[in-house]
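Trainee: Provided herewith is a single structure, encoded as structure tokens, for subsequent inquiry.
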Ligand code: MSP
């Protein structure tokens, strides 16, 4: 990023599930920030896109029963439609399957290889296919689970290319020391410093088991690790390493906005790759917190995400944008709720900015024939004070926005609104209007309120792009407030104002009770949401194979798909711990068949053998047999995964049911 240019990026989103509010968050923040910079005349570039390679994506396509390419195209369309619906205006969308991106990735690989930073070896470790990551686990844990996904990890041993990350420990520490702004906020910087100071292992950067990826140059039996591939999007999109674009010199280095979940990739691996290749480093990795629901990260894993279609049915884009930026201190985690969104919209938007606009404009219409009086510089002390307060609000807003403290920036603007509101109330223009001798005072009050409103609308336009335009045009002003630099606008410099005539509330008041009831009805589903029945431990989480072509959306199955799963009632006859396996119980269960079956279940840490003997349970009866610890498991029992630690709670019946009875 050069002197007067601004390059900002969002993470590129995995196309394994449809977008939710968590994805929209980073994107809306970046969109708002770009609008803010553009409004101030800064040559800005906003990049977003999709991360489309890897085992996760392969699995999602397999679950739908469609080719991977068709799957990624479908989810790409969903992301693009979601961002368009939110009014996001990005400059470029990068897909990791774009040929120019693949070219850049292979080029960076070759450079690192030529410089001696890549070597071939063998990697063995515990891998989570959902995180796409080998996990560090306790050495005495022989059946580790992914702490994010509550799924068993896969033991993988394969030939792999490695990046000499260990060689970058000191250079990285020097970087964090020399450039404290490189990772922000400080709490994240400290986290990264202690991680790197603890020692860096070389990084496995290729997979032989994953087919859907970019081939390793010169060894196509390997594909490039998705994170190596994905991070390079930030430069390939500008044309580094390819001939499709030529924007690298103009815009690089970037401000990367990322969630704290992907801190290490951006603050450790990415600068190490760039240092290795001799490429200039990003300006800043700014790390924000997570949107929470019920205290947990909102996301597809927990099924607790706020869905965008529900939001759009009840709220406008500006309400959503304002709420996210005002409610959650950027950089920290923040709980978001529909109630909170309604409350903020009503108090800050409808009763705050909206009310100031309509009362000011209505009075100008009623008392001045719709023509705003001109502000006089020496009109009154009180008016001069308002002018001063607005200038202060502007300065604070700019400073906080530049520091990415969006919530505080909005507080400053709303402090300005409160000042004008008080000024109007104190001066009671409705009384002045009745007294012809008070005409000059009335005009001063209305001119001041109008002018303050005009400056405030320009200020908040990046956060409220739609309603600021609406208010602007109701004010009789020409053009677009998003295209006028508030810092260049002077008090009273709007000369060409047309008659104020049509006034309508910019933010209608929301009926909380009605909206909450509607949302509850829309989001209530017959299946348990927070704690879905899950396979627990004993069986590998195989992707469900569905006939999917008929399923309209990802994650939706037809009744034909469901029928394939043979769920049967059973009774546990015997149970014992499996030696040297902390988590496994060996169960003998009666499914009403000629012979009882043996099933291994990963519940030993929560159920003692004697707790389960005699219990009526539900078994997936047609699961392919699988060997664990040399013992064959012939089926899987169902349990809900509850709470943060995913504690299993066995599914059962409230009434007597014979063994073998089918659930459908
Ligand atoms: N594909 C990787 C990123 C590669 S960047 C080179 C990835 N994708 S993701 O789709 O899983 O998540 C991307 C980002 O979405 C997160 O870092 C974060 O910015 C955002 N969020 C997803 N869920 C979120 C919340 N609940 N809250 C806030 N942001 C969230 O990781």
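Every number here is computed from the coordinates shown, using simple stated rules; none is lab data. All figures in this text were calculated on a predicted structure; none of them were measured in a lab. Cβ sites come from the backbone with ideal geometry, for glycine too, and all protein chains shown count toward neighbours.
Trainee: Counting C-alpha atoms alone, how compact is the range 316-380: give Rg to one decimal and Dmax as a whole number, in angstrom.
Mentor: Rg then Dmax for the range 316-380, in Å: 17.2, 49.
Trainee: Let me ask something additional. Could you compute the FRET efficiency for residue 141 and residue 629, with r as their C-beta to C-beta distance and R0 at 22 Å, rounded to 0.05?
Mentor: That pair, residue 141 with residue 629, gives E of 0.95.
Trainee: Could you sort the peptides 334-341, 287-294 by per-residue average Cβ neighbour count (10 Å cutoff), highest mean leading?
Mentor: The packing order, highest mean first, is 287-294, 334-341.
Trainee: Over the range 209-343, one equal point on each Cα, no solvent: what is log10 I(q)/I(0) by the Debye formula at q = 0.15, 0.18, 0.19, 0.20 Å⁻¹?
Mentor: Taking Cα atoms of the range 209-343 as identical point scatterers yields -0.94, -1.08, -1.12, -1.16.
Trainee: Here's a follow-up. As an exercise, use a Förster radius of 45 Å and the Cβ-Cβ distance of residue 201 and residue 517 to find the FRET efficiency, rounded to the nearest 0.05.
Mentor: Result of the calculation: an efficiency of 0.25.
Trainee: Be a star and scan the range 342-365 for residues whose amide nitrogen sits under 14 Å from the point 7 Å along the Cα-to-Cβ vector of residue 489.
Mentor: Only 357 fall inside the zone, counting backbone N under 14 Å.
Trainee: Here's something else I'd like to know. Taking the Cβ of each residue in 314, 53 as the centre, tally the other Cβ atoms inside 10 Å and list the residues starting with the fewest.
Mentor: Listing 314, 53 from fewest to most nearby Cβ atoms yields 314, 53.
Trainee: Quick check on the chain: helices-only [θ] at 222 nm, where DSSP H runs of length 4 and up contribute -39,500 (n - 2.57) each and the sum goes over total residues. Nearest 500, please.
Mentor: Only helices count here, giving -11500 deg cm²/dmol.
Trainee: Binning at 10 angstrom from zero up to the longest distance, how are the C-alpha pair distances of the chain distributed in percent?
Mentor: Going from the shortest bin to the longest, the percentages are 3, 13, 21, 21, 17, 12, 7, 4, 1, 0, 0.
Trainee: Rounded, prolate or oblate, given the Cα gyration tensor of the range 76-190, with a/c below 1.5 counting as rounded?
Mentor: Because its axes are fairly even, with a/c under 1.5, the range 76-190 counts as rounded.
Trainee: Going highest first, how would you order 134-144, 207-217 by mean Cβ packing within 10 Å? Each step should come with its number before you reach the end.
Mentor: Details: 134-144: 13.0, 207-217: 19.1.
Top of the packing list down: 207-217, 134-144.
Trainee: Let me ask something else about it. Where the centre of each part is set by its Cα atoms, how far does the range 345-422 sit from the range 179-252, in angstrom?
Mentor: Rounded to whole Å, the Cα centres lie 45 Å apart.
Trainee: By what distance, in whole Å, do the Cα atoms of the range 457-519 stretch along each of the three principal axes, largest value first?
Mentor: Sorted largest first, the three principal extents are 47, 26, 16 Å.
Trainee: Nearest 10 degrees, 0 to 90: what angle lies between the long axis of helix 406-427 and the longest principal axis of the chain (Cα atoms)?
Mentor: 30
Trainee: Relative to the first principal axis of the alpha-carbon coordinates of the chain, what is the inclination of helix 68-85, with its axis defined by its Cα atoms, in degrees from 0 to 90 and to the nearest 10?
Mentor: 20
Trainee: Next question, about the same structure. Tilt of helix 21-39 relative to the longest C-alpha principal axis of the chain, in degrees (0 to 90, nearest 10)?
Mentor: 30
Trainee: Using 0.36 nm times the number of residues separating residue 395 and residue 605, minus their current alpha carbon distance, what extension gain do you get? Let's see the in-between values first.
Mentor: Working: separation 210, 0.36 × 210 = 75.60 nm, distance 5.78 nm.
This chain segment gains 69.8 nm when fully extended.
Trainee: Fewest to most neighbouring Cβ within 10 Å: what's the order for 258, 649?
Mentor: By the 10 Å Cβ count, ascending, the order reads 649, 258.
Trainee: Turning to a different aspect of this structure: May I ask for the Kirkwood hydrodynamic radius of the range 415-492, worked out over all distinct Cα pairs and given in angstroms to one decimal?
Mentor: Value: 13.5 Å, from the Cα pair sum.
Trainee: A follow-up question, please. Taking neighbour Cβ counts within 10 Å as the exposure measure, how do 130, 225, 245 sort from fewest upward?
Mentor: Fewest-to-most ranking of 130, 225, 245: 245, 130, 225.
Trainee: Calculate, for residue 435 and residue 562, the FRET efficiency according to 1/(1 + (r/R0)^6) with r their C-beta to C-beta distance and R0 60 Å; round to the nearest 0.05.
Mentor: Calculated transfer efficiency: 0.20.
Trainee: A follow-up question, please. For the range 174-247, compute Rg over Rh where Rg is the Cα radius of gyration and Rh is the Kirkwood radius from the inverse mean 1/r over Cα pairs. Show your work: numbers first, answer last.
Mentor: On the way: Rg = 16.5 Å, Rh = 15.1 Å.
Reported Rg/Rh, Kirkwood definition of Rh: 1.09.
Trainee: From the square roots a ≥ b ≥ c of the eigenvalues of the alpha-carbon gyration tensor of the range 37-136, which class results: rounded (a/c under 1.5), prolate (a/b over b/c), or oblate? Please list the in-between numbers first.
Mentor: Values: a/c = 2.22, a/b = 1.27, b/c = 1.75.
Cα axes put the range 37-136 in the oblate bin.
Trainee: Here is a further query. If you take every DSSP beta bridge whose two residues both sit in the chain, what share of them, in percent to the nearest 5, is antiparallel?
Mentor: On the way: 51 of 74 bridges.
If I count the DSSP bridges inside the chain, around 70 percent turn out antiparallel.
Trainee: Quick one: which of 319-330, 500-511 comes out on top by average Cβ neighbours within 10 Å, and what's the full order, highest first?
Mentor: Details: 319-330: 22.3, 500-511: 16.2.
Per-residue Cβ counts within 10 Å, averaged per peptide and sorted highest first, yield 319-330, 500-511.
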